[in-house]
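The values are calculated or read from the model by the stated rules, or taken from the named source; none is laboratory data. Computed from a predicted structure; not experimentally measured. Every residue, glycine among them, receives a Cβ derived from its backbone with ideal geometry; neighbour counts consider all protein chains shown.
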Amino acid sequence: MNTRELLDALTVAERLKDTTRHCYTSKGRHESVAEHSWMMTMMAFFMKNEFPEADMNKIIQMCIIHDLGECFTGDIPTFMKNETHEQTEKNLLLDWVWSLPEKTRQEMMDLYAEMEERKTLEARIYKAIDSLEALIQHNFSDLSTWSENEFELNLNYADDRVTFSEYLTRLREDIRKDTIQKIKSEN
């Protein structure tokens, strides 16, 4: 990727710094999509020794690029997103990816295909991290920022995404315990 292509790509990716998510930070500010992606990469880094058989570099790459489509559509919370939203985001993202230099385009297309299929260990770990990070961030935020449906969602969401791993299953259970404690202590 030449320097101009790099700067052009960063111009698009930078939008995620100002694209807010439904989640709030522990200090009460809307979290950006970029911050969500960063925290996911931190989670992958910290748990790398729990998955010695996985390519953590690939997982980190998946975490970095997974929400780039939101540069074009903004963030739509999981519980509000429908197939039309998903297809629009995918189409806009792919239009942009196709504008990138061939090597970068192919690397990203391969990663997106693997992420969508969720057949590899790396893709399953990435997807679990994506879901669990949102739950962790909700536990960091004040209960007053939660929508009514998130009380139940935070107790059950992502259970199906961790069953392949004893470690991630334990992490999910600890997150659930933190959620229960948070709800009890703030009510």
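Return the residues of the stretch 46-96 that are in a helix (DSSP H, G or I), within 15 Å of the chain's Cα centre (by Cα) and touching a residue at least 60 places away in the same chain (Cβ under 8 Å); say none if nothing qualifies.
Scanning the stretch 46-96 gives LYS58, ILE59, MET62, CYS63.
For the stretch 101-120, give me each residue that is farther than 19 Å from VAL162 by Cβ and in contact with an Asp or Glu (Cβ under 7 Å, 6 or more places away or on another chain).
Scanning the stretch 101-120 gives a single hit, PRO101.
Restricting to the stretch 123-166, and then to whatever is modelled with pLDDT under 95 and among the charged types (D, E, K, R), can you tell me which residue is farthest from THR78 (Cα to Cα)?
Checking each candidate, the answer is ASP142.
For the stretch 97-135, which positions are of a type in the set (Val, Ile, Thr), assigned to a helix (DSSP H, G or I) and free of Cβ contacts under 8 Å to residues at least 40 places away in the same chain?
Listed by number, the list holds a single entry, VAL97.
Only residues that are surrounded by fewer than 17 Cβ atoms within 10 Å (Cβ to Cβ) and within 21 Å of TRP146 (Cβ to Cβ): list them for the stretch 29-52, please.
Matches in the stretch 29-52: ARG29, HIS30.
Condition test on LEU143, is it under 20 Å from THR11 (Cα atoms) and more than 17 Å from the chain's Cα centre (by Cα)?
no
Residue under question is LYS182, and the condition is that it be out of contact with any strand residue (DSSP E or B) (no Cβ under 6 Å at 6 or more places or on another chain), basic (Lys, Arg), more than 30 Å from VAL97 (Cα to Cα) and touching a residue at least 40 places away in the same chain (Cβ under 8 Å); does it hold?
yes
Might you check whether a residue that is in a helix (DSSP H, G or I), surrounded by fewer than 19 Cβ atoms within 10 Å (Cβ to Cβ), acidic (Asp, Glu) and in contact (Cβ under 8 Å) with a residue 12 or more places away in the chain occurs anywhere in the stretch 12-28?
Yes: the stretch 12-28 contains one or more residues that are in a helix (DSSP H, G or I), surrounded by fewer than 19 Cβ atoms within 10 Å (Cβ to Cβ), acidic (Asp, Glu) and in contact (Cβ under 8 Å) with a residue 12 or more places away in the chain.
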